[in-house]
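The values are calculated or read from the model by the stated rules, or taken from the named source; none is laboratory data. Note that the structure is predicted; figures quoted are calculated from it, not measured. Using ideal geometry, Cβ is built from the backbone for each residue, glycine included, and neighbour counts are taken over all protein chains shown.
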């Protein structure tokens, strides 16, 4: 007699196995397609670099006049477009020329890459399949710390970066784009939101240099902070009346955007987190956890100017989490008061030295880059004037 239950179980098991096989194959295909796209992007960037190199070398051998350069680019554009189609206009060729001039210091990396000296997965000694070192195996030089290949972004992203005059700022956005996988629209948003200036204003002189060399590295609470935070994605009108509840609700509705604005390593835990002391209930507006610093981040929202009562309240919240919530192996809790207007002197005199509490302003619109750059220059001058 046929056991129908057994057949059903076998059928179900076979379905599960087929689904797993399908999932594995889908991942393989999608990974291959992404690799192909990256390869095409890399090839386009390298080709553009080499075209730029040849244009510059030709100019150096010919008449060093602006009119000559324009005439050459115009003739190249006409003939290349006729043969290869779009992509070789005079403006594009000019971008390729500028690309080589800006990044010409990476020429040696391209030569090394072309000669096959850099291979993914190689260490100083080559390995046999068994994992044992092969005797007398030739060593392979390690790639530079900042880049394992000369260019990590797509051509359209580099064209955008060429428009950034400050070399340190340009390097920062290149590193962060590659590290975080920013698309061109995401890169433009971070630039327009002045991420570099806002991070720089929360750092000392050495920290600003590190931004250009390493990007944003989160190792201590100060590394997370921006000045100001930009919340234009909430869609709130700066001039219209809104409450702290409205601000909080808008943040929850756009939580993914808010997490990106907060920065690296943030995980959302709770809204209006309640805790009780005796018979009194208290509520923390927003509770996050940062996996890089391994600590809780408490955020209190204020639509006006920060007061000493706000600072005292946040100090109490932080104390409670440190004493009642965090584990012994976790780092001290950080409190951030997001306010419309902060008062530096009040914050300094109210909080004890070394307090893990910070008041930071927010904007509901993209800030003026020029204003932030002036603040950065002023800040740098003040640092230089200190004994």
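What the table below lists for this structure:
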| quantity | calculated |
| --- | --- |
| Of the criteria (1) surrounded by fewer than 15 Cβ atoms within 10 Å (Cβ to Cβ); (2) more than 16 Å from residue 355 (Cβ to Cβ), which one residue 268 fails | (1) |
| Some residue of region 179-192 being closer than 17 Å to residue 379 by Cα and either surrounded by 20 or more Cβ atoms within 10 Å (Cβ to Cβ) or at pLDDT 90 or above (or both) | no |
| Unique match (being touching a strand residue (DSSP E or B) at 6+ places or on another chain (Cβ under 8 Å) and under 22 Å from residue 228 (Cα atoms)) among 305, 369 | 305 |
| Single residue of 126, 86, 79, 90 found to be modelled with pLDDT of 80 or more and surrounded by 12 or more Cβ atoms within 10 Å (Cβ to Cβ) | 90 |
| Qualifying positions in region 40-66 - modelled with pLDDT under 70 and within 21 Å of residue 88 (Cβ to Cβ) | 40, 62, 66 |
| Residue in region 271-285 that is nearest to residue 250 (Cα to Cα), counting only those that are loosely packed, with under 13 Cβ neighbours inside 10 Å and in contact with a strand residue (DSSP E or B) (Cβ under 7 Å, 6 or more places away or on another chain) | 272 |
| Residues located in region 237-284, provided they are over 28 Å from residue 186 (Cα atoms) and in a strand (DSSP E or B) | 272, 273, 274, 275, 276, 277, 280, 281, 282, 283, 284 |
| Residues within region 192-233 that are free of Cβ contacts under 8 Å to residues at least 40 places away in the same chain, outside any helix (DSSP H, G or I) and more than 22 Å from residue 297 (Cα to Cα), tallied | 0 |
